[in-house]
1. Relative to the longest principal axis of the chain, what angle (0 to 90°, nearest 10) does the C-alpha long axis of helix 53-66 take?
2. Send over the per residue convex hull volume for the chain, Cα only, as a whole number of Å³.
3. List the residues, sorted by chain then number, that are 5 or more residues from Val253 or on another chain and whose placed amide H is less than 5 Å from its amide H.
4. List, largest first, the extents of the alpha carbons of the range 111-152 along their principal axes, each in whole Å.
5. Taking all pairs of distinct Cα atoms, average 1/r, flip it, and tell me the Kirkwood hydrodynamic radius of the range 38-99 in Å to one decimal place.
6. Pairing the Cα long axis of helix 285-294 with the longest principal axis of the chain, what angle in degrees results, from 0 to 90 and rounded to the nearest 10?
7. If you line up the long axis of helix 313-322 against the longest principal axis of the chain, both from Cα atoms, how many degrees apart are they, to the nearest 10?
8. Local charge sum around Ile87 (other residues, Cβ-Cβ under 13 Å, Lys/Arg +1, Asp/Glu -1)?
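The values are calculated or read from the model by the stated rules, or taken from the named source; none is laboratory data. Values in this document were obtained by computation on a predicted structure and should not be read as measured data. When we count neighbours, we look across all protein chains shown, and the Cβ atoms used for this are built from the backbone with ideal geometry, even at glycine. Areas reflect the complete protein model, heavy atoms only, side chains present, ligands, DNA and RNA absent. Shrake-Rupley method; radii C 1.70, N 1.55, O 1.52, S 1.80 Å.
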Amino acid sequence: MMWRSMMCALAAVAVSFAGVRAEDVKVDPAIKSYEKVSGVSGNLSSIGSDTLNNLMALWSRAFQDLYPNVQFQVEGKGSNTAPPALIEGTAQLGPMSRAMKEDEIDKFEKKFGYKPTRISVAIDCLAVYVHKDNPIAKRGLSLPQVDCIFSQTRKSGFADIKTWGDAGLTGEWADKPISLYSRDAASGTYVFFKEHALFKGDYKDSCKQQPGSAGVINGVANDRYAIGYSGIGFKTPDVRVVPLSKSGDETPVEPTFENAMAGKYPLGRTLYVYINKKPGEPLAVHVKEFIKFVLSREGQEIVIKDGFGPLPLKVVEAQLKAIE
């Protein structure tokens, strides 16, 4: 289920991410608690998204508390690593911060004769970050401006933005060159940002590519004139999020779940876990129960604790049907 087709179901859950305490965000009360079953054991391996890495680790530890005979390994080097791992059988779980590309699906289908199963597990706002001192966080940016900051192709059609003065700042900031921090090409976040913020254009060669989201945040936190992007769950006190608008004619808005669901914030996204499920055949018990746990009340409470947004009931129900 793509992001746009989920909008109606997700609109019922209007929760703000930026600056909101985890205890103020609630899981849909109609989502059921997880019910432990017997006979769950075996090895589970997760290979994929860095954005989802900590969340997968939190889920795995909670799952192992329920089932001590399950051995869990989590590796998060980027969404691009998930499809090959599923195809080669080195992982049963492929977390991704973007949807699989057609060629990735084709390779999987060529190997197995059917498509991989995509499970929606959480909601994220991809945020643009600046140093905590940067006044651009008060006024915001449009997506065309973001494109002209990060992209060498500038498909939005506007002039290159090299300094903070080019972006509209005055005074001491006006002549300061903008320092760019980006995820690396293996990242689903890199691909999502390229498609939605750069209008499928090319990144500038000056972008300092980081192998993890935390690296982007650390880079921006320690570089007063920097800008970067990452999931909203990686926000720290040393950086600020930049309000965004789709165009220069609109007022920039904060990266909150409420704004994303209303179509006001332009970089909302769904996070996924892909699995290999042969049609007409049951999943391995430990794989199925892990997915059920992720989609339970307890699993979605972990989503909130890690700074992401929980799924509404209708989406959870659709995902549970997909693993039957």
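1. 30
2. Per residue, the Cα convex hull of the chain comes to 127 Å³.
3. Distant-sequence amide H within range of Val253: Leu244, Ser245.
4. 52, 27, 15
5. Roughly 11.7 Å, rounded to one decimal.
6. So the inclination is approximately 40 degrees.
7. 50
8. Result for the local shell: -1.
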